[in-house]
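Below is one structure, written out as structure tokens; comments come after it.
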Amino acid sequence: MIPMANYIISGSPKNFGGSVNISGSKNSALPIMTAALLSADCSRIHNLPRLSDTMVMCDIISSLGCAVQREPDGSVVISADISRPKRSCGYEMFSKLRASVLIMAPLLARFGKAKIPLPGGCKIGARPIDLHLKGFTAMGAKIRQGHGFIEASAPSGLTGCRIYLDFPSVGATENLMTAACLADGATTILNAANEPEICDLADFLNGMGAKVSGAGTDTVTITGTPRLHGCEHTIIPDRIEAGTFLVFAAGLGTELIVRNAEPKHLKPLLAKLGEMGFDCEAGSDFIDLHPSGRPKAVDIKTMPYPGFPTDLQAQAMALLTTGDGSGMVVETIFENRFTHIPELCRMGAQIKTEGNAAFIKGVRHLSGAEVRATDLRAGAALVAAALKAGGKSVIHNIEHIERGYESFTDKLRNLGADIRRED
Ligand code: UD1
């Protein structure tokens with residue numbers, strides 16, 4: 001991660017468009033990399049996106065004593081042939097990556113103990129891990145917290161049980177589903193998250209010999225087995241990256257084909273783009289957004305999958321800033337996910353907020369300005385705004401953006417954007 005870097009974007013490029021290849025999903029890659037530690041055998045994971053977040057996860061896994069080999073073709077080979085994990089890296093590394101909490105599942109299930117630095121809060125909200133811990137406790141683990149660490153132990157192994165999640169948390173579903181694979185007996189997770197990344201993780205676990213059923217519904221059942229083996233798996237396409245590029249093109253009113261995408265994972269965004277007046281043609285692995293005029297204003301409310309993803313909320317709001325009419329965006333997943341709004345307003349957007357609702361009055365044009373990316377998706381929203389604004393924009397703190405978009409400037413430049421990275 002390189003701090004203090006900026007993007008310089010000259011807005012309203014003349015010939016933006018063409019096609020872009022979508023990378024593997026960051027949010028699938030992270031839990032799958034940790035799940036590979038359930039077995040001593042090697043697992044080979046293809047289509048792993050090359051991002052600072054996946055690099056940090058590689059470092060965390062290596063620090064435990066496991067072998068992690070990145071291959072030139074974009075795959076990673078993970079071998080957790082260890083008798084017990086080394087004391088892993090400390091707070092600094094774990095705090096870079098919220099998903100580091102997913103390391104708990106394989107360590108607890110396979111070695112009977114997991115001790116990690118508490119992940120803490122972050123810009124988009126407090127993000128507690130109480131549901132993860134409630135589930136581990138129900139499976140028989142003892143939890144201790146102190147000095148900024150969290151320790152879960154189950155020296156005689158975990159026991160299958162029924163777990164009801166008070167909220168369909170993606171991370172809690174992933175952590176508990178992974179831990180339950182080596183538990184004694186069956187575990188049922190009720191009110192489980194249904195995100196496509198949960199299905200991808202279940203496919204990986206089943207490839208390792210686990211018995212996971214119901215992934216993609218609100219009830220996931222895992223029948224524990226004493227041992228798992230390594231496997232080979234290909235990560236699904238990143239639906240948020242695909243959605244972000246569609247928003248970029250929609251804002252400019254130009255045609256764009258996103259390739260190596262999974263259109264069925266993007267139904268909520270495609271529905272909203274349809275309401276805005278965009279014509280999208282979906283094939284088996286591509287989406288073709290046809291050129292069009294100014295978007296019609298619409299209302300959007302984020303919800304757990306298959307509702308509208310919170311990870312596309314900021315980008316969709318950037319699109320509505322130049323919409324025809326007034327729209328509303330309600331954020332129901334994270335309590336502090338409107339930090340892009342003051343930055344969009346610096347570019348001429350007209351947005352007011354009340355609690356978790358934002359009211360956007362569409363304007364005809366935005367103007368380039370100096371702005372700051374406050375988190376990954378907020379940063380993507382600023383890029384969407386800068387691309388269609390008149391004049392030059394400077395986006396600071398782009399290390400947030402590069403946590404989640406592989407080869408971002410190259411992909412944008414290939415489409416005709418005038419974007420430069422400045423360290
Ligand atoms: C994952 C995604 C993130 C996405 C989010 C929601 C990864 C690496 N990240 O994050 O990009 O925005 O899903 O789709 O996959 N909660 C609790 N207690 C818990 C766990 C969660 O109260 O123990 C709350 C959170 O504070 C939040 C809500 O549940 O308000 C959703 O969080 P969750 O689904 O767990 O998101 P993550 O897994 O952290």
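For the range 12-80, the solvent-accessible area with a 1.4 angstrom probe is 31 square angstrom per residue.
Our compactness index for the range 355-400, the C-alpha radius of gyration over the empirical 2.2 N^0.38 Å, is 1.22. Considering only F136, T54, S326, and ranking their Cα positions along the charge dipole of the chain that arises from unit charges at the beta-carbon of Lys, Arg, Asp and Glu, the one farthest toward the positive end is F136.
Computed 3J(HN,Hα) for the range 355-365, one whole-Hz value per residue from the Karplus formula 6.51 cos²θ - 1.76 cosθ + 1.60 where θ = phi - 60°, is x, 9, 10, 10, 10, 10, 9, x, 10, 6, 9, glycine and proline marked x. Pairs of Cα atoms nearer than 8 Å and 6+ residues apart set the relative contact order; for the range 19-116 it is 30 percent. What is the gain in length, in nm to one decimal, between D279 and M328 on full extension, counting 0.36 nm per residue of separation less the C-alpha to C-alpha distance? So the extension gain works out to 15.5 nm.
Summing charges over all other residues whose Cβ lies under 13 Å from the Cβ of C161, with Lys and Arg as +1 and Asp and Glu as -1, gives +1. Name all residues of the range 386-417 having a backbone nitrogen under 15 Å from the label point set 7 Å from the Cα of S52 along its Cα→Cβ direction, giving them as ranges. Residues 395-409 fall inside that zone.
Between A357 and M303, the contour length at 0.36 nm per residue exceeds the alpha carbon distance by 18.1 nm.
Evaluating 6.51 cos²θ - 1.76 cosθ + 1.60 at θ = phi - 60° for every residue in the range 92-97, the Karplus couplings come out as 4, 5, 5, 6, 6, 9 Hz, glycine and proline recorded as x. Extending 7 Å from Cα along the Cβ direction at H290 and again at A126 yields two label points whose distance is 4.9 nm.
First measure r as the distance between the Cβ atoms of S62 and S407, then evaluate 1/(1 + (r/R0)^6) with R0 = 25 Å and state the FRET efficiency to the nearest 0.05. Computed FRET efficiency for S62 and S407: 0.60.
Label-to-label distance for N414 and K264 is 2.7 nm, based on points extended 7 Å past Cα in the beta-carbon direction. In this structure the range 291-421 gives 39 Å² per residue of accessible area when probed at 1.4 Å with all protein chains present. Which of the lysines could be linked to K14 by a straight reach, that is with a Cα gap under 29 Å, when you skip same-chain ones fewer than 8 residues away? List returned: K272, K296, K361, K388, K392, K411.
Which order do peptides 139-145, 179-185, 311-317 fall in by mean Cβ count within 10 Å, highest first?
On the way: 139-145: 15.9, 179-185: 23.3, 311-317: 27.3.
Packing proxy ranking, top to bottom: 311-317, 179-185, 139-145.
Stretching the chain fully between R144 and D423 yields a gain of 96.2 nm (0.36 nm per residue, less the alpha carbon separation).
The mean sequence distance of close C-alpha pairs (under 8 Å, at least 6 residues apart), as a share of the length of the chain, puts its relative contact order at 21 percent.
Only Cα pairs under 8 Å and 6+ residues apart enter the sum, and on that basis the relative contact order of the range 245-376 stands at 20 percent.
Considering only protein heavy atoms and a 1.4 Å probe, what is the carbon-and-sulfur percentage of the accessible area of the chain? Don't jump to the answer; show the numbers that get you there.
Values: 8130 of 16550 Å².
After summing per-atom areas, the C and S share lands at 49 percent.
The largest-to-smallest principal axis extents of the Cα set in the chain are 64, 45, 40 Å.
Would you mind working out the magnitude of the charge dipole of the chain relative to its Cα centre, with +1 at each Lys and Arg C-beta and -1 at each Asp and Glu C-beta, to the nearest 20 Debye? Could you put the intermediate results ahead of the total?
Numbers: 43 positive and 43 negative charges, 161 e Å.
For this selection, approximately 780 debye.
Each residue, L190 and D166, gets one label point 7 Å from its Cα in the Cβ direction; the gap between the two is 1.6 nm.
Give me the percent of DSSP beta bridges within the chain that run antiparallel, rounded to the nearest 5. That works out to approximately 75 percent antiparallel.
The values are calculated or read from the model by the stated rules, or taken from the named source; none is laboratory data. Predicted, not measured: the structure shown is a model, and the values here were computed from it. Neighbour counts run over all protein chains shown; Cβ positions are idealised from the backbone, glycine included. Keep in mind that these areas ignore ligands, DNA and RNA; they rest on the heavy atoms of the full protein, side chains included. Shrake-Rupley method; radii C 1.70, N 1.55, O 1.52, S 1.80 Å.
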